[in-house]
């Protein structure tokens, strides 16, 4: 069994993307948000850089994700863009039927685990 050390620990971050706002979570209890603007992207990236090996999981949203995904990649933060239909199927399979932006951020984090 592989031991978890700070070097190989991954912090999964779920990010729900909307036109004006990014809701994000690094655990299953708290959710925060920033504006979906360059300033908001910088604030999120600064927070993520303080975490051990942040790995972002978000959905394809018809284009609203492009700027934050590009900013994350430029900051060398791992990001995975998943198909929304697969996330909904995952939620149904897990019996998680609620639909709010903070809940979606938590769900996306779970998809990454």
Candidates 94, 60, 75: whichever shows maximal mean-square fluctuation once the chain is modelled as a Gaussian network with Cα springs under 10 Å: 94
Contour minus Cα-Cα distance for residue 46 and residue 28 (0.36 nm per residue): 4.4 nm
Top of 14, 62, 40 by mean-square fluctuation, Gaussian network on the chain, Cα under 10 Å: 62
Alpha-carbon Debye profile of the range 11-112, log10 I(q)/I(0) at 0.10, 0.20 Å⁻¹: -0.23, -0.94
Order of 38, 33 under a 10 Å beta carbon neighbour criterion, fewest first: 38, 33
222 nm mean residue ellipticity, helices alone, for the chain (DSSP H n ≥ 4; -39,500 (n - 2.57); rounded to 500): -11500 deg cm²/dmol
Proxy reagent accessibility, fewest Cβ within 10 Å first, across 103, 90: 90, 103
Fewest-first ranking of 48, 74, 108, using other Cβ atoms within 10 Å as the exposure measure: 74, 48, 108
Antiparallel %, DSSP beta bridges [both residues in the range 11-112], to 5: 45
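The numbers here are math on the coordinates, done by the rules we state, and not lab data. Quantities reported herein were computed from a predicted structural model and do not represent experimental measurements. We place every Cβ from the backbone using ideal geometry, glycine too, and count neighbours over all the protein chains shown.
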